[in-house]
Every structure is written in structure tokens, then in C-alpha cells.
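The values are calculated or read from the model by the stated rules, or taken from the named source; none is laboratory data. Here the structure is a predicted model, which means the values were calculated and not measured. As a convention, Cβ positions derive from the backbone with ideal geometry for all residues, glycine included, and neighbour counts pool all protein chains shown. Side chains are part of the model used for accessible areas, which takes the heavy atoms of the whole protein and leaves out ligands, DNA and RNA. Shrake-Rupley method; radii C 1.70, N 1.55, O 1.52, S 1.80 Å.
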Amino acid sequence: MLALTCPCCGITAEETEFHPGGEAHLKRVGPEGADDEFEAYLFARKNPKGAHIERWRHSYGCGKWFHVARDTATLRVFGAYTTQSYGPPEDIVNAIRQSYPDWTFDRNAAE
Amino acid sequence: MAEALATIRRVEGMGMITLRGALEQIGPVVSDVTGIALPECRKITGAGDRQLGWMSPDELLCVMPVADLPAILAALQDGLTDRHALVLDMSDARVIYDIIGAHAEDVLAKLSPADLGAVGSDDLRRSRAAQTAAAFWRIESGFRVIGFRSTADYLGALLHNAAMPGSQLAPR
Ligand SMILES: [Zn+2]
């Protein structure tokens, strides 16, 4: 079971009280982008085994969106943080690196 | 014949006002008008049939007898004219059930994944009951549950079913 703590209201609840929003920090490609870039923006998603950053919505609670860093293999949650950001905060990056020392956040996708 | 785990009662005659806005801006006005202290994050304040609940970082819920609603609604709208806020009578969109009895917690525990042990006497827990959204808080001898009027029959059926005699969760 995946349990998440919503950073907007502080409730810890199990996953069915939330709605998954897929990979976080996507870089939007607009009409000016090349076809392959636009296609990648719409359809290509990371699917790592290990640390992953996703958007979630507290749909059966406060209704807010937030970001979650979690391990897709163990369901361990490294942390949750506000949507008002372009990437994970340092403490969450550090938490991820305790399990995956070489992990880096792909900033290219988030500029 | 075993008794039902709890009595399920649909509560009529209650009104609800939804308020949205920056709580630090609208909060003092809401507290003044209702005479109820502003609830902190995830809390519910007030007593009996007049309460103020924290719904989200930008939403409050005001519960009161429907007879008191027009005056409170007008006073809130009046008090908030100079602030960016939503004040809306949501009474017709909502339903209230009370679960009263020794095993009231068992009834709710069957339907909601919420950790009821973590729900204190002044907490307002937003969650779900099976497939419909529900929020609840503790009242004397049980819980008050609010849900959507559009799924009121479903919620009522769920609650009655979960209260079926002889179905308590603890080993007998
Ligand atoms: Zn929340």
C-alpha cells in the first residue's frame, strides 16, 4: 500500500484518497515546437524503477495538487512538496540519494 | 437478536455555507459574523448546530440551522464585499447523517480508509465512504457525516448496511 502525506493539509492517507497526475515537471512544448518534440511532450513519459517524481491531487481531501518523490519499486516516499516549484527541494534530493547515490534531477525537462 | 452497531439518522434542517478565499483575509470576518473561533488546519470549531470547519488552505465550511442561514449569508456577503471571496449557500448540495452508538466507529471504519484513531474530538476529516466523498467529525456518542445530496441515498444505504447487527469489527 502506498501512503502519502499531503503537504497542503498535512493528512497522511492511503493512495485511494488521492488521484495520480503522472510524471511531474514536464516541459511544455507549444505550437512552435518541432513535431517530434511536441509528440514527446504529449506522450513520452519516464517509467523508472526507483526514484520518480510525480504529481498527485488530494482528491478526497483538501483538493490540492502537490509533488511527490517516491520509489516505484518499494513504494517508499522520499517526500512531498509544493507545486510552486521547478524541481525537488534539497532535502528530498538528499533523501533520494541515500537510496540512489547517483540520482540527479533531470533539469532539462523542467526549464 | 443482536442490535445494530449504531443508529443511522439523516439530519434535516441544517444549512451550509461554503467560503473560499485567502483565509488570513476572510477569516476574521467569518469569525466575527458567526461568533465562532476560526478553526486551524483540519479542525472544526463551534458547538452543537453552529460550527466552522477548515476544508482546505482556502476554504471554510459554516454549518448552521437552515433558519439562521439567510441572515448569516447576508452578513458574510456584506462583510466580505471589499475582499476577494466566494460565499455560497451549499445547503441543497449536501446531506448530513449522524452515526450514533457504541460501535459508531466500526461503521465508519468499514467505509472509509481514514485512520479513525488519528481523528481527534475537534478534527474535521475529509475522506470518502466507499465510492463517494464524505467528511466527518466526532459528536457525542458517534460521528456526524456530510456528503453530497446527489449521492445521499447511496451514502445512507452504505451506512445502514455497515451498521448491520452482529457485524462489529472487534473479535466477539
Ligand atoms: Zn490535502
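Return the carbon/sulfur percentage of the accessible area of chain A, one whole number, probe 1.4 Å, all protein chains in place. The nonpolar share, carbon plus sulfur, comes to 49 percent. Equivalent-ellipsoid semi-axes for chain A (Cα gyration tensor, √(5λ), whole Å, largest first): 24, 18, 13. Measuring r between the beta carbons of A:THR72 and B:GLU24 and using R0 = 41 Å, the FRET efficiency lands at 0.60. Chains B and A together bury roughly 1100 Å² of accessible area, counting both sides, with a 1.4 Å probe on protein heavy atoms only.
For A:LYS49, a cut-off of 28 angstrom between C-alpha atoms picks up these lysines, skipping any fewer than 8 places away in its own chain: A:LYS27, A:LYS64. For region B:54-85, a drop of 10 Å² or more in accessible area on going from the chain alone to the assembled protein chains (1.4 Å probe) is found at B:TRP54, B:SER56, B:PRO57, B:ASP58. Comparing A:VAL77, A:VAL29, A:VAL68 in a Gaussian network model of chain A (Cα springs below 10 Å), the most mobile by mean-square fluctuation is A:VAL29. Does anything in region B:1-15 have its amide N under 17 Å from the 7 Å Cα→Cβ label point of B:ALA109, and if so which residues? Those under the cut-off are B:4-7. On the basis of the beta-carbon distance and an R0 of 45 Å, B:SER121 and A:ARG28 show a calculated FRET efficiency of 0.45. Remark: region A:57-71, residue by residue, has Karplus-estimated 3J(HN,Hα) of 10, 7, 5, 9, x, 6, x, 8, 8, 7, 9, 10, 9, 9, 9 Hz, where x stands for each Gly or Pro and the curve is 6.51 cos²θ - 1.76 cosθ + 1.60 at θ = phi - 60°.
Burial here means at least 30 square angstrom less accessible surface with every protein chain in place than with the chain by itself, probed at 1.4 Å; in region A:61-94 the buried residues are A:GLY61, A:CYS62, A:LYS64. Of the solvent-accessible surface of chain B, computed with a 1.4 Å probe over protein heavy atoms with every protein chain present, carbon and sulfur atoms account for 52 percent. Specify the residue with the greatest mean-square fluctuation among A:ALA24, A:ALA69, A:ALA95, computed from a Gaussian network of chain A linking alpha-carbon atoms under 10 Å apart. In the Gaussian network model the winner is A:ALA95. Every Cα-Cα pair of chain B was included, and the share exceeding 24 Å stands at 36 percent. When only Cα pairs below 8 angstrom with a gap of at least 6 residues are kept, chain A shows a relative contact order of 25 percent. The mean sequence separation of alpha-carbon pairs under 8 Å and at least six residues apart, normalised by the residue count of chain B, gives a relative contact order of 29 percent. Note on chain B: with a GNM built from Cα contacts shorter than 10 Å, the maximum mean-square fluctuation among B:HIS84, B:HIS160, B:HIS103 falls on B:HIS84.
Can you bin the protein assembly as shown into rounded, prolate or oblate? Criterion: square roots of the alpha carbon gyration tensor eigenvalues sorted a ≥ b ≥ c, rounded for a/c under 1.5, prolate for a/b above b/c, oblate for the rest. The shape class here is oblate.
With the simple model of a label 7 Å out from the Cα in the direction of the Cβ, A:TYR41 to A:ALA3 spans 4.0 nm. Counting charges near A:PHE66 (Lys, Arg +1; Asp, Glu -1) among other residues having Cβ under 9 Å from its Cβ returns a value of +3.
Computed over protein heavy atoms with a 1.4 Å probe, the accessible surface of the protein assembly as shown works out to 52 Å² per residue. FRET efficiency for the pair A:ARG97 and B:ALA130, taken as 1/(1 + (r/R0)^6) with r the Cβ-Cβ distance and R0 = 41 Å, rounds to 0.50.
In order along region B:13-26, phi translates into HN-Hα couplings of x, 9, x, 9, 10, 9, 10, 10, x, 5, 4, 5, 8, 8 Hz, rounded to whole numbers, per the Karplus curve 6.51 cos²θ - 1.76 cosθ + 1.60 with θ = phi - 60° and x for Gly and Pro.
The gain in end-to-end length when the A:THR104 to A:THR83 segment is fully stretched comes to 5.7 nm, 0.36 nm per residue minus the alpha carbon separation.
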